[in-house]
Each structure stands twice: as structure tokens, then as C-alpha cells.
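J.: Below: one structure in C-alpha cells.
The values are calculated or read from the model by the stated rules, or taken from the named source; none is laboratory data. Everything numeric in this text was worked out from a predicted model, so none of it was measured. Cβ sites come from the backbone with ideal geometry, for glycine too, and all protein chains shown count toward neighbours. Surface accessibility is based on the protein's heavy atoms, side chains included, excluding ligands, DNA and RNA. Shrake-Rupley method; radii C 1.70, N 1.55, O 1.52, S 1.80 Å.
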Amino acid sequence: MAETGDGRRDGEPLTEELLAELLAAPDPAVFADAHDLAHRDLATYLNELLLAKGRRRVEAVRAAELNETFGYQIFKGQRGAGRDTVLRLAIALGCDLVETRRLLQAAGVNELYCKDRRDAIIIFCIDRGYSLRRVDDELYRLGERTLGE
């Protein structure tokens, strides 16, 4: 996604702007409806990303180096996924940082935090479009736990 000069990505409003709009709204539901803030579950968002990126589930599961049965269960909503598994899927799908953040939210796990050394390395790698293998190589090289452990 291209970043504009004011820090926005593809016309998305800044968090501060959204907060001001939320606080000025007569009701939180009005704000939520205006910004399509319905909660997305992990399986729904993963399948939306597959469609948007023109990928097949089998490709994503293999690229994420997941057991096929487990991977399919995640995509069908039959199983949840831990943070590292979600990150592996995000990287396998070629997600950018915004998509990765949304996947982590949908999974109900902690978002990436740039003040955490391991997370900072992962953020750097995702921003540059590194493959899962290359992300793990960077984590290993810098003495951090890999996503495959």
C-alpha cells in the first residue's frame, strides 16, 4: 500500500481523526455502522484475503508450512490459531502490515509491537515482503525465536 505524505495508507483516515469522530458521534453504533466496524472472525478474513490476492487455500497452507488438516480447519473456522500461526499465514499470503494487524485482531491475539525486539524484526520483514523462510532466518540470525518453533 502506498503511504501518503500525512502518514495515511490508501486514503484510510488517521486514528486520531477516527477517535475525534467517535467522540463526536451521538451513539457508538452510528460510528461503528459508518465505518463498517463489525467484528470479523479469522476464517472470514483469511478467505477474503485469499480471494483478494487470487490465492488458493492449499497454496497458503503450504507456504505457511502448516499441517494441511490444521490449516484447513483454520480456514473453515473449525480451529483457532495462535499468534505465530496467524503471522505465518499473513506472511504466506503476502499481507502488508495493515492486513497483518487486521488478521491478528480477527484472531484475538496481540498485535505486533515495534518496541518489542522480536516484533520489530517481524514488522521490518513484513514491510519488505520477505518470505516465511527469510523471516525465520532473520529472527534466528538476530537471536530471536523463529515463527516455525
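J.: Would you be able to tell me the number of residues in region 62-115 that are touching a strand residue (DSSP E or B) at 6+ places or on another chain (Cβ under 8 Å) and over 21 Å from Leu51 (Cβ atoms)?
T.: Counting residues in region 62-115 that are touching a strand residue (DSSP E or B) at 6+ places or on another chain (Cβ under 8 Å) and over 21 Å from Leu51 (Cβ atoms) gives 0.
J.: Name the pairs whose Cβ atoms lie under 7 Å apart, with the first residue in region 16-32 and charged (D, E, K, R), the second modelled with pLDDT under 85, and 6 or more positions between them or separate chains?
T.: Glu21/Phe31
J.: Taking Gln78 as the residue in question, decide whether it is within 14 Å of the chain's Cα centre (by Cα) and open to solvent by 40 Å² or more (accessible area, probe 1.4 Å).
T.: no
J.: Being closer than 24 Å to Asn67 by Cα, part of a helix (DSSP H, G or I), open to solvent by 50 Å² or more (accessible area, probe 1.4 Å) and of a type outside the set (S, T, N, Q) is the filter here; which residues of region 101-149 pass it?
T.: Selection gives Arg101, Arg102, Arg133, Arg134, Asp137, Tyr140.
J.: Pairs, please: C-beta under 7 Å, at least 6 apart or cross-chain, first residue modelled with pLDDT of 95 or more and in region 119-138, second open to solvent by 90 Å² or more (accessible area, probe 1.4 Å) and not acidic (Asp, Glu)?
T.: From residues that are modelled with pLDDT of 95 or more, the pairs are Asp119/Tyr113; Ala120/Cys114; Ile123/Cys114; Cys125/Arg134.
J.: If a residue has to be modelled with pLDDT of 85 or more, more than 25 Å from Gly82 (Cα to Cα) and of a type in the set (Gly, Ala, Ser) to count, how many in region 21-54 make the cut?
T.: 1
J.: Tell me, which residue of region 57-93 that is assigned to a helix (DSSP H, G or I) and acidic (Asp, Glu) is farthest from Gly129 (Cα to Cα)?
T.: If we take residues in region 57-93 being assigned to a helix (DSSP H, G or I) and acidic (Asp, Glu), then Glu68 is farthest from Gly129 (Cα to Cα).
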